[in-house]
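Down below is the structure, laid out as C-alpha cells.
The values are calculated or read from the model by the stated rules, or taken from the named source; none is laboratory data. Predicted, not measured: the structure shown is a model, and the values here were computed from it. When we count neighbours, we look across all protein chains shown, and the Cβ atoms used for this are built from the backbone with ideal geometry, even at glycine. The area values use the complete protein model at the heavy-atom level, side chains included, leaving out ligands, DNA and RNA. Shrake-Rupley method; radii C 1.70, N 1.55, O 1.52, S 1.80 Å.
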Amino acid sequence: MAARPTLRLKNMPMRKFVFLAVLNVICQGTLFGQCLSRDSLQARLNLIRNSTSNKLDKLKAMLECREEVKNCPKNTDSLYTFLLLGIGAQYYRRGDYIKAIDYTKQAIAIVRANINDPATDKITLGRYYHHLAVYYDSLKLSTQKNDAVDSCIVAEMRMNANYVYTALLLENNVKDLFNQGDYNVCVDRCTLGEQLIHKSYKYPDTLSHIFYFIYYKASSLGAMGRYADEEKFLRSKKRELDNLKDQNF
C-alpha cells in the first residue's frame, strides 16, 4: 500500500496556506461534538463558495459537510437545503445531471415537508425548481422540465416572490409550447412572462427578454389565424420595440 501523502508547506503559497488553516480550524469543531453548529456550517460554506477550484475541490468539500450534518437535528433549515442545492449545482457543472437532479429534489422535498417551519427556505423554492428544470432540460426530459417550470411558477406566486426564476424559465417554456403547437397556452404564458419581466427583471437586457415574449405571443396568434389580434398586439408594443437595441431581433 502506498504511503499516505503528507502536506508539504515549504512551497505552498501563503494565501492557500491561510485558507487551509482557517478551514482546518473550523473542522476541528466537529472532532469533539456530534454536529456542526449552524455558525460553523455557515462559515465552512462561505469558505467553499468563495474559494477557487485550484484551492479546493468544492464538490468534495460540500459532500464532506453533508456527511457531518445529514443526521443532525435542524437539518431542515435553509442552510442545509442550500448545501444540497450547491451539491446539485456542482454535479451539474461536471455533467452528472442525474445526481444534480437527485440532490436538488432532496432539497425540494425537505422544503415541502417543512413548509410551515419559519427556518425553512420556502422563499427561494422557485430557485430550486428553476435549477431542477435546467437539469431536466440537459437530459432532454421535456415533460419533467415543464413540470418543474409549473412548480416554479406556483411556488413564486404562492410566496409573492420577485418572480425572476419564473420569468427566465418561461422563455424556454413558451418556445417549447409554440413548437408543440400549443398556441393558446403559449399566448397565456407569454403574457405572464412579459408581466414578470417588467416587474422583476431590472437589468440592461430587459427589453430583449420582453421582446422574446412579444415575439412568441405574436407568432402564436398568427399561427392560430388571429391576424387582426396579432397586428393589434404588435402595434401596442411599437414604443417598446422602437427602443430595442438588440439586433438579434
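Quick look at the values:
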| read-out | value |
| --- | --- |
| Count of the stretch 104-130 residues which are at pLDDT below 95 and assigned to a helix (DSSP H, G or I) | 14 |
| Candidates N179, N160, N243, N184, filtered to the one that is among the polar types (S, T, N, Q), within 27 Å of Q144 (Cα to Cα), exposed (fewer than 14 other Cβ atoms within 10 Å of the Cβ) and modelled with pLDDT under 80 | N160 |
| Among the residues listed as L45, L59, L84, L23, the single one being at pLDDT below 70, part of a helix (DSSP H, G or I) and within 28 Å of the chain's Cα centre (by Cα) | L23 |
| Of all residues making up the stretch 181-235, the number that are charged (D, E, K, R) and over 27 Å from the mean Cα position of the chain (by Cα) | 6 |
| Residue check, Y97 open to solvent by less than 30 Å² (accessible area, probe 1.4 Å) and within 22 Å of D150 (Cβ to Cβ) | no |
| Leading residue by the ranking (most open to solvent (accessible area, probe 1.4 Å)) among those in the stretch 187-206 that are out of contact with any Phe, Trp or Tyr (no Cβ under 9 Å at 6 or more places or on another chain) and over 15 Å from Y165 (Cα atoms) | P204 |
| Test set (1) of a type in the set (K, R); (2) in contact with a helix residue (DSSP H, G or I) (Cβ under 9 Å, 6 or more places away or on another chain); (3) more than 21 Å from D121 (Cβ to Cβ) - K202 fails condition number | (2) |
| Filter result for Q42 (closer than 28 Å to D147 by Cβ, of a type in the set (S, T, N, Q) and in contact with a Leu (Cβ under 9 Å, 6 or more places away or on another chain)) | no |
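Yes or no, residue by residue, for (1) in contact (Cβ under 8 Å) with a residue 24 or more places away in the chain; (2) open to solvent by 70 Å² or more (accessible area, probe 1.4 Å):
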position: E67; (1), (2): no, yes
position: C72; (1), (2): yes, no
position: Y80; (1), (2): yes, no
position: G88; (1), (2): yes, no
position: A109; (1), (2): no, no
position: K122; (1), (2): yes, no
position: G126; (1), (2): yes, no
position: Q144; (1), (2): no, yes
position: D147; (1), (2): no, yes
